[in-house]
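Just below is one structure, and these are the notes that go with it.
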Amino acid sequence: MNRKSFKATGRNDALFAGACIAILAGVGFCGEARAQDVTGNVALTSDYVFRGVSQTSENPAISAGVDATFGDFYAGGWASNVDFGDDTDAEVDLYGGWRSELSGWTVDLGGVAYLYTGQPDGADYDYVELKAAASRAVGPATLGVAAFWSPDFFGASEDEATYVEANAAFTPADRWTVSGAVGRQWVSSDLDYTTWNAGAAFALTDHLALDVRYHDTDQHDFGEAYGARAVASLKAAF
């Protein structure tokens with residue numbers, strides 16, 4: 001049982017460059033808008049882990065994405081292969097929102113649409129989450145909190161779901177970043193769990209970084225996908 005099966009049984013591709021999405025009510029940008037900054041990324045990882053749960057049956061994944069900013073607004077897309085033990089073969093995320101500085105805090109309000117290709121008939125894997133996050137630099141460290149809410153979470157049942165996370169990162173030396181997070185996933189069908197991760201990233205070059213991270217949850221009984229694991233990822237940004 002992986003996190004994509006809560007109701008059953010239990011970050012980006014250049015294809016989406018220029019994607020126009022308006023997830024926040026009353027906030028939109030398309031048509032005449034011109035991106036002020038466009039970045040892309042490609043990553044190879046030993047296991048695609050989302051909120052502590054393997055999305056690839058503990059197998060490697062490759063992902064790619066693109067992000068564009070329009071002043072304080074942003075939009076982007078991301079895609080990765082997945083393996084849920086059925087015909088579903090890829091996850092495509094489209095997201096957008098508003099990010100700005102307020103009294104020393106970076107505030108981020110937005111939304112994410114999770115879409116799955118090849119999913120079985122009646123699976124209803126696609127869903128949307130609204131996001132609210134804030135972070136603040138404290139000396140060499142950055143501390144953050146985030147919350148996500150979905151009215152109809154992944155799967156055939158109409159479950160409401162909330163995820164809340166606290167995270168931190170700091171730079172102990174040049175090119176090194178140490179980071180970690182603790183989160184709690186609540187699902188209305190009582191498939192709740194806590195997850196945490198800790199790891200370090202090293203910048204091999206200005207555009208290439210290696211990240212080694214440990215993930216775990218408190219619900220190993222949900223299945224192997226919820227077990228402890230170490231994951232290595234190589235990510236290029238451009």
Per the filter on segment 179-193, residues open to solvent by 50 Å² or more (accessible area, probe 1.4 Å) and part of a strand (DSSP E or B) are Val182, Arg184, Trp186
Within segment 59-69, the count of residues that are surrounded by fewer than 17 Cβ atoms within 10 Å (Cβ to Cβ) and of a type outside the set (A, V, I, L, M) comes to 3
When (1) in contact with a helix residue (DSSP H, G or I) (Cβ under 7 Å, 6 or more places away or on another chain); (2) open to solvent by 60 Å² or more (accessible area, probe 1.4 Å) are applied to Gln219, the one that fails is (2)
Restricting segment 100-117 to residues that are open to solvent by 40 Å² or more (accessible area, probe 1.4 Å) and not acidic (Asp, Glu), the one nearest to Ala168 (Cα to Cα) turns out to be Trp105
Review point. Is it the case that some residue within segment 16-23 is at pLDDT below 95, open to solvent by less than 40 Å² (accessible area, probe 1.4 Å) and among the small types (Gly, Ala, Ser)?
Key: yes
Discussion item. Going by what's in this entry, would Arg136 be described as surrounded by fewer than 17 Cβ atoms within 10 Å (Cβ to Cβ), over 19 Å from Ser54 (Cα atoms) and out of contact with any Lys or Arg (no Cβ under 8 Å at 6 or more places or on another chain)?
Written reply: yes
Among Thr205, Thr171, the single one that is of a type outside the set (Phe, Trp, Tyr), within 29 Å of Val38 (Cα to Cα), in contact with a Pro (Cβ under 8 Å, 6 or more places away or on another chain) and open to solvent by 50 Å² or more (accessible area, probe 1.4 Å) is Thr171
Notebook entry, point to check: modelled with pLDDT of 95 or more and under 22 Å from Ala141 (Cα atoms) - does that describe any residue in segment 217-229?
Noted result: no
Residue hits (segment 146-155; within 26 Å of Ala168 (Cα to Cα) and surrounded by fewer than 17 Cβ atoms within 10 Å (Cβ to Cβ)) are Ala147
Condition set of a type outside the set (D, E, K, R) and within 26 Å of Phe170 (Cα to Cα), scope segment 222-232, selection most open to solvent (accessible area, probe 1.4 Å): answer is Ala230
The condition of being open to solvent by 30 Å² or more (accessible area, probe 1.4 Å) and out of contact with any Ser or Thr (no Cβ under 7 Å at 6 or more places or on another chain) holds, among Asp121, Asp89, Asp83, only for Asp121
For segment 36-55, the count of residues that are surrounded by fewer than 21 Cβ atoms within 10 Å (Cβ to Cβ), part of a loop (DSSP other than H, G, I, E, B) and modelled with pLDDT of 95 or more equals 3
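The values are calculated or read from the model by the stated rules, or taken from the named source; none is laboratory data. Worth saying up front: this structure is predicted, and the values here are computed from it rather than measured. Glycine also receives a Cβ, built like all others from the backbone with ideal geometry; neighbour counts cover every protein chain displayed. Heavy atoms of the whole protein, side chains included, go into the accessibility calculation; ligands, DNA and RNA do not. Shrake-Rupley method; radii C 1.70, N 1.55, O 1.52, S 1.80 Å.
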